[in-house]
Structure formats: C-alpha cells, structure tokens
Amino acid sequence: MQLLLDYLTVFAAIYGIMLAVYFATGLVMTAINARHPDRRIQKHRDGMKRVKTEIKASISALATSSVLLSAGYFAQTQGWTLFEPLPLSWWSFPLMFVVCLVLFDAWFYWGHRLLHLPAFYKWHVPHHRSIAPTVWSNDSSTTIDTLIEHGFYLVVWFVLPAPALSVFALRLFDQISGMVGHSGFEYFASKSSRWPSPMICTTFHDLHHSQFDYNYGNFFSFWDRVCGTVHPKYDHLVQTMEGSGQIPDTEDMKPAKTSG
C-alpha cells in the first residue's frame, strides 16, 4: 500500500506540473498570437472554434502521458530498470538529453505513421479534427493515441541509463515545442528550419494538419526526408517566408483529408 501511495504522489506532482505548463504555454502563446494576426498560417480557417474540445481532451491525454512518465521514473527509483542511471553531471545530463531527443523523434515518427494506417486511424482522427491547429490542440488526443506516441516516456527508463533530469527536461521541451508547433502562427521560419538543416518550424506540422499525408516528424525532418514523406512545398514555403518576412496563404494547396 505504501508503494502505491508513493507512486501516486509522484504521478500527482508530474501531472500537476504538466497541467501548469500546458495552461501557461497556451495563455502566453494566445496572447502573442493576438498581437501578430499577420503570422497566421491558415488564413481562411479559425481553429479557435474547437478550443474547448481541445482543452478537455488535452486534460485527459496529459493524465495518460503523466502515468507513463511517472511509472517509468518510479520504476527507476525502485531499481526495476535494466541499468542504473548515470550520475548527474555536466556531461551526462546534455548527453542523455540529446540521445533521448533523437530516439524520441524516431519513436514519434514511426508511431505517428502507425496511427495513420486505416486500422489505427480511428484513435488518431480526433486529433486531426483540428485542421487548423491551435496551441491548445497539441495534446488533444485519445488514450490509445497518447499511449502509442508517448510510450517512449515509459520505455526509456528501462533501457537507457538516463539521469531523471534528462528525461524530465526532454518532456518539458517536447510539451512546449509541441504547443508552439501547433499554434498555427509562424515565428521561426529561417534557413535553420529547411533543407539541408534537419530542424523544422511551425509550418512543418501545420502542413501535416491541413494536408494530412506529409510531415510526421516531431523535432526534426530527418525521417520524413529519408522516407519521402516531407511536404513537397515545405522548403519553398520556408524560403519564401524567410525572404519576404510574410506568411503566404496556403489555401491553394491540396484540400485536407478529414475522413478516417
């Protein structure tokens, strides 16, 4: 019983922090976007009509994600993992953060591709009802969707000697960058977010929501480029934005698929 109570304390702390980060990031980005309407990517769609639905679904999905993260961390503290974590140091923290970052991006890409298969798409389609994503829609997912895409946050503790702070830092970075990436407003288009750089900007994932069949990656475009799933106009769009400073209207692109 004490072990269960100890775990529930860890879960409650992590879930509380995730909710605080979710709402803080959402409110800050909403305020910034309101001051820069010219940065909207999909100029003919208003994603804010779905905000209440997105927030409700996100509260549930963040609970699922927090179960995964807290269960893995708790297992590490109990010595149930394959390896003892490396002692936290000036080199172990950034090293394992980068290792986890790269591995999670691969996990997310292939899990995301899996969710787009007909047999699994029914669990992913609620997320894609946000054709014009908002900062609030990043976590608007079903339980199965979250288990597949965020299962990494349970598994990683068992197979890598990662200091806890490295994994927690990755989860925090993933949460904030994911919400910015779903915000529907572009602020980061530059040479660093197009070929030959593996980095991406908000337009990358926004195109996934409006065009459906492209851009499955999370942090990088690497797997999309290797597998031929990067949007054919993505690099051109970024180059146009960085040259003109204007966000081009993407209404002329292929209509989004909304059936699943």
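The table below gives the values:
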read-out: Tally of residues being touching a residue at least 24 places away in the same chain (Cβ under 8 Å) and not in a loop (DSSP other than H, G, I, E, B) across segment 187-226; value: 16
read-out: Matching entry among Ser197, Ser259, Ser192, Ser244 (being surrounded by fewer than 20 Cβ atoms within 10 Å (Cβ to Cβ), at pLDDT below 95 and in contact with a strand residue (DSSP E or B) (Cβ under 7 Å, 6 or more places away or on another chain)); value: Ser192
read-out: Residue pairs meeting the criteria (Cβ under 7 Å; at least 6 apart or on separate chains; first at pLDDT 90 or above and assigned to a helix (DSSP H, G or I), in segment 1-14; second surrounded by 12 or more Cβ atoms within 10 Å (Cβ to Cβ) and not hydroxyl-bearing (Ser, Thr, Tyr)); value: Tyr7/Phe74; Val10/Phe74; Phe11/Val67; Ile14/Leu69
read-out: Some residue of segment 155-169 being more than 14 Å from the chain's Cα centre (by Cα), within 30 Å of Ser65 (Cβ to Cβ), of a type in the set (Ser, Thr, Tyr) and at pLDDT 95 or above; value: yes
read-out: Tally of residues being surrounded by fewer than 15 Cβ atoms within 10 Å (Cβ to Cβ) and hydroxyl-bearing (Ser, Thr, Tyr) across segment 80-112; value: 1
read-out: Residue list for segment 152-171, restricted to those being in a helix (DSSP H, G or I), under 20 Å from Gly111 (Cα atoms) and in contact with a helix residue (DSSP H, G or I) (Cβ under 8 Å, 6 or more places away or on another chain); value: Phe152, Tyr153, Leu154, Val155, Val156, Trp157, Phe158, Val167, Leu170, Arg171
read-out: Of all residues in segment 113-145 being outside any helix (DSSP H, G or I) and among the hydrophobic types (A, V, I, L, M, F, W, C), the one that is surrounded by the most Cβ atoms within 10 Å (Cβ to Cβ); value: Ala132
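The values are calculated or read from the model by the stated rules, or taken from the named source; none is laboratory data. What you see is a predicted model; the values in this text were computed from it and never measured. Here Cβ is always computed from backbone atoms with ideal geometry, including for glycine, and neighbour counts include all displayed protein chains.
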